[in-house]
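Asker: Starting off with a structure, shown below.
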Amino acid sequence: MKNNKPVKTHSQSGINNTHNMTANKPTYDVISIGGSNAGLSAALLLGRSLRKVLVIDAGQPCNRQTPHSHGFLTRDGETPAQLASIARDQLGRYPTVQFRSDTVVTAVQTEDGFDLTTASGKSFTSRKLLLATGLFDIMPDIPGFAECWGRSVLHCPYCHGYEVHGQPLGVLANGEVGYEMATLIQHWSSQLTLFTNGPSTLTYTQQEMLQQLKIPIIETLLDAIEHQSGMLSGLRFNDGSQVQLKALFSRVPFRQHTNIASQLGCAITDNGLIETTEFGKTTVPGVFAAGDATTLFRQVAIAVANGSKAGAWINKELITEDLEQINQVRSRYTH
């Protein structure tokens, strides 16, 4: 039987009533901007810590086109949508966790925490803030590329390599990136070709190694990716030639999905990621970040782990602040 007894949260206990920053705004211990794997994982830890949590999500995860998610223990092969649905169902057991479908457009640090405004015009306040906003992939101007991205144009062999192993595969990249990807993916298939999409910038040593591995290098300019509903069948080049493939591996540039981190003054790495500690602390006190926005290892399992660690550390900080507040009150009365 479901227990409907009200749960007494830390923020309801009287310890941190001074953190009710604005009476006419909903106030939370933590707001997670982003409700995919990292945000949901953090919300789970925080909900189990009896924290009042709001997850604000626009419903546009970067893996929304991906048909199946792999490498996540006990859930290998399920769709990203299934994983999110299961997570939300399980989080529904925790009455202190709430969800809102919306987009955060502004975030301002205040004396007591953070004020947030959404695209729908709603305002919220919180003591701590988690950025689980992900990344926005920038597609090249190649017909068919965007439609195949996440389906048969792939970024990670650990996520998708097993499903296409032993079949004709390609790598679309050049120079150091092309060499690194080709030598990595040759482990999954001996039928691999590197497409540089223009004159090769590989070093002589790199070309020699690829020859040793029997990986052809094609420099012809790519005209289009042939596909059916996002499932690649081959590549067409500007000289009229074609190559049949099962899948193509490539990397694309990206940017942060939102500018909230920059609004708050969080440091960004040279790779364009939010700079964090192991436990998700950014360079701005009270602001944490987790998931794809913080790492090049864009896997569900890693996002979940990052979110879990961030959630635990956020709760630890909240406890520390509450104890400091108690000590300050005691100090005033004892002196």
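Asker: Pop the C-beta distance of ASP141 and LEU323 into the FRET formula with R0 = 56 Å and round what comes out to the nearest 0.05.
Answerer: Efficiency, rounded to the nearest 0.05: 0.50.
Asker: Can you give me the Cα centroid spacing of the stretch 224-261 and the stretch 132-175 in angstrom?
Answerer: Centre-to-centre distance over Cα atoms comes out at 6 Å.
Asker: So what J values fall out for the stretch 235-241 if you push phi through Karplus, 6.51 cos²θ - 1.76 cosθ + 1.60 with θ = phi - 60°, rounded to Hz, Gly and Pro as x?
Answerer: After applying 6.51 cos²θ - 1.76 cosθ + 1.60, I find 10, 10, 10, 6, 8, x, 6 Hz.
Asker: Ignoring the sites themselves, what is the longest stretch of the chain with no trypsin sites (Lys or Arg not before Pro) in a DSSP loop and at most 11 other beta-carbon atoms within 10 Å?
Answerer: 9-213
Asker: Most fluctuating residue of ALA38, ALA132, ALA84 in a GNM of the chain with Cα springs under 10 Å: which is it?
Answerer: Judging by the Gaussian network model, the answer is ALA84.
Asker: Mind telling me which of GLU275, GLU317, GLU226 comes out most flexible in a GNM of the chain, alpha-carbon contacts under 10 Å?
Answerer: GLU317
Asker: Modelling each spin label as a point 7 Å along the Cα-to-Cβ direction, I'd like the VAL105/ALA81 distance in nm, to one decimal.
Answerer: Here the modelled spin labels are 2.8 nm apart.
Asker: Rounded to the nearest 500, what is the 222 nm mean residue ellipticity of the chain from helices alone, with -39500 (n - 2.57) per DSSP H run of 4+ residues and division by all residues?
Answerer: Rounded to the nearest 500, it is -9000 deg cm²/dmol.
Asker: Okay, moving on. Could you tell me what a quarter of the Cα convex hull surface of the stretch 145-250 works out to, in nm² with one decimal place?
Answerer: That works out to 6.0 nm², a quarter of the Cα hull's surface.
Asker: Which order results if SER69, SER36 are arranged by neighbouring Cβ count within 10 Å, fewest first?
Answerer: By the 10 Å Cβ count, ascending: SER69, SER36.
Asker: Would you mind estimating how fast the chain diffuses translationally, via Stokes-Einstein at 20 °C and 1.002 mPa s with the Kirkwood radius over Cα pairs, in µm²/s?
Answerer: 97
Each value in this text was obtained by applying a stated rule to the coordinates, not by laboratory testing. Being a predicted model, the structure only gives us computed values, none of them experimental. Backbone-built Cβ (ideal geometry, glycine too); neighbour counts: all protein chains shown.
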